[in-house]
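> First the structure, which I've put down as structure tokens, then a few questions once you've had a look.
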Amino acid sequence: MKTEHMHGEAISLKRRDFLIASAGLAATFALGGLPRNVKAAALTLPALPFAENALDPVISANTLGFHYGKHHMGYLNNLNKLIAGTEFAEMPLEKIVVATTGKPDKVAIFNNAAQTWNHTFYWNSLKPKGGGEPPAALKQMIEASFGSVEACKKELAAITVSQFGSGWGWLVLEGGKLKVVKTGNADTPMTAGQKPLLTIDVWEHAYYLDYQNRRADYVNALLDKLINWDFALKNLG
Ligand SMILES: [Fe+2]
């Protein structure tokens, strides 16, 4: 599985530098043992690529605050607890997702790792004053695959809204063509040979405070006003 599609500083989860208590480290090494006062590295959340109120009124600051600060952070905190002291502790996030996919004894790690990755990808799939016309190179590909930008948006909205229960709608690249797909719960197309270009979160926590049960209104407003075509183009590579 190729991993090149995560680009840029904003999307890459960085490992915190080892937190080393200054006292005693040299002495520990001098004695030939492992340094005992080195805390395990932990994955951290990248900052949101916009202010919490920047997507208002399509997505309110209230929704964004809970979604990023509680839900996304919650997945990351769970993940760090689950991988501490395991073979996954030093892996980049994307590798953890790939390494645990489809493994029944690693479901909890997969779910929290994939949700952490998916959410970072989602934030980058949005931007204030998004929507509108895609950049020319992307527009050309969209027209070749769907006929028109409007048709692409319509198909992406339809498949996303139709996801039964919690999950995600995606624009992906597969075999040189653009496609729309949906995944349930934490699942991500990157483990199915597809390159994610954009995603829309349709877990209820993404829209319920603003739209209650009106999932289609949320998805259509997002596509018209927030979708970040530049990010999709960047992911095409
Ligand atoms: Fe979410």
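The values are calculated or read from the model by the stated rules, or taken from the named source; none is laboratory data. Owing to the predicted nature of the structure, the values given are computational and were not obtained by experimental measurement. A quick note on method: Cβ atoms are made from the backbone with ideal geometry, for glycine too, and the neighbour counts reach across all protein chains shown. Just the protein is used for accessible areas: all its heavy atoms, side chains included, with ligands, DNA and RNA removed. Shrake-Rupley method; radii C 1.70, N 1.55, O 1.52, S 1.80 Å.
> Taking only the alpha carbons of the range 95-198, what extent do you get along each of the three principal axes, in Å, biggest first?
44, 30, 25
> Related question: Hey, can you rank 199-205, 144-150 by average C-beta count inside 10 Å, highest first? Can you show the working numbers first?
Details: 199-205: 21.4, 144-150: 13.7.
Final packing ranking: 199-205, 144-150.
> Here's something else I'd like to know. Express the accessible area of the range 80-237 per residue in Å², computed with a 1.4 Å probe while the remaining protein chains stay in the model.
Each residue of the range 80-237 exposes 42 Å² on average to a 1.4 Å probe.
> Tell me the carbon and sulfur percent of the accessible area for the range 119-216, rounded to whole percent, probe radius 1.4 Å.
Values: 2180 of 4110 Å².
Heavy-atom surface of the range 119-216 belonging to carbon and sulfur, 1.4 Å probe: 53 percent.
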